[in-house]
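Quick notes on the structure that follows.
What follows is calculated from the coordinates using simple rules that are stated; it is not laboratory data. Since the model is a prediction, treat every value here as computed from it, not as a measurement. Heads up, the Cβs are rebuilt from the backbone with ideal geometry, glycines too, and the neighbour counts pull from every protein chain shown.
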Amino acid sequence: MKFNPTPLPGVLLIEPDVFSDPRGYFLESYHQKKYAESGISGPFVQSNLSKSSQGTLRGLHAQLARPQAKLIHIVSGEIWDVAVDARPDSPTYKKWYGTILSSEKPRQMYVPVGFVHGFCVLSDSAIVEYQCTDLYDPSSELHLLWNDPEIGIEWPVKDPVLSAKDRTGMTLRQAEPLLKRHFTKIKSK
């Protein structure tokens, strides 16, 4: 198993050991000790599953008062997965990292606390599972605008299918007072 750093400190791209034979493949999607040794300590307290059609974009999301780290992997299909550093006192504040995650080439992305997360579906449909280190709290939700020019994410879709919340998300500049209150002094591991 490989835990690969990305340009954003704390965001990891994980390549599990895949054991293939004529029947298919087997992999460990989580192993507490191995992940903890690589800086992913959890504990994960909630697991979520979403199914989305091609062109759907979910994000950019975080929770403020109850921030969550997320471990994302794909059950089926292919997505463009993105993390954005939302910690105002970080040297990589406003920087983003994106990569393809696919069920054909199993990898995971770990997004630590202090980052916002989003993805768009590249295949006909995709089933995405992610584990979170805190429970969902609707009163703590943060929705940043997916196409905020100040962040400048190069999404592979131009006219995505969006929820009402994602269509009307805040810009990073609008959210900055909230981010300063909740995400300042959060250090990535």
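Points worth noting:
- Of Trp155, Trp146, Trp80, the sequence from fewest to most neighbouring Cβ atoms within 10 angstrom is Trp155, Trp80, Trp146.
- The lysines within cross-link reach of Lys34, meaning a Cα-to-Cα straight distance under 18 Å and a gap of 8 or more places when in the same chain, are Lys2, Lys70, Lys189.
- Share antiparallel - DSSP beta bridges, the chain, percent rounded to 5: 95 percent
- As a rough footprinting exposure proxy, the listed residues Asp159, Asp166, Asp89 were ranked by other beta carbons within 10 Å of their own, and the order from fewest upward is Asp159, Asp89, Asp166.
- Among Gly98, Gly39, Gly114, the largest mean-square fluctuation in a Gaussian network model of the chain (Cα springs under 10 Å) belongs to Gly39.
- C-alpha long axis of helix 172-183 to longest principal axis of the chain, angle in °: 70 degrees
- Eligible lysines near Lys185 by straight Cα distance, threshold 18 Å, same-chain separation 8 or greater: Lys94, Lys95
- In the chain, excluding the sites themselves, the longest stretch lacking any of the GluC sites (Glu not before Pro) that are in a DSSP loop with at most 13 other Cβ atoms within 10 Å is 29-103.
- Calculated [θ] (222 nm, deg cm²/dmol) that DSSP helices of n ≥ 4 give over the chain, each run adding -39,500 (n - 2.57): -3000 deg cm²/dmol
- Whole-Hz couplings from phi, Karplus 6.51/-1.76/1.60, listed for the stretch 148-155; x for Gly and Pro: 4, x, 5, 8, x, 5, 8, 5
- Candidates Leu178, Leu27, Leu122, ranked by Gaussian network fluctuation over the chain, Cα under 10 Å, top entry: Leu27
- For the stretch 23-35, Karplus couplings with θ = phi - 60° (6.51, -1.76, 1.60), whole Hz, Gly/Pro x: 7, x, 9, 10, 8, 8, 7, 6, 9, 3, 5, 4, 5
- Measuring nothing but how far apart in sequence close Cα pairs (under 8 Å, 6+ apart) lie, relative to its length, the stretch 2-183 scores a relative contact order of 29 percent.
- When only the Cβ of Lys, Arg, Asp and Glu is charged (+1, +1, -1, -1), the dipole of the chain relative to its Cα centre reaches about 540 debye.
- Fewest-first sequence of Leu179, Leu8 by Cβ atoms within 10 Å of each Cβ: Leu8, Leu179
- Close amide H partners of Gln68, meaning residues 5 or more places away or on another chain with modelled amide H under 5 Å apart, are Gln63, Gly114.
- Cross-link reach is defined here as a Cα-Cα straight distance under 18 Å, omitting same-chain residues fewer than 8 places apart; for Lys165 the lysines meeting it are Lys51.
- Modelled label reach - Ser139, point 7 Å along Cα→Cβ, the stretch 148-189 residues with backbone N closer than 19 Å: 178-179, 181-183
- Amide H to amide H distances under 5 Å link Arg87 with Lys94, where only residues 5 or more positions off or on other chains count and H is placed in the peptide plane.
- Seen through its C-alpha gyration tensor, with square-root eigenvalues sorted a ≥ b ≥ c, the chain comes out oblate because a/c lies at 1.5 or above while a/b is not bigger than b/c.
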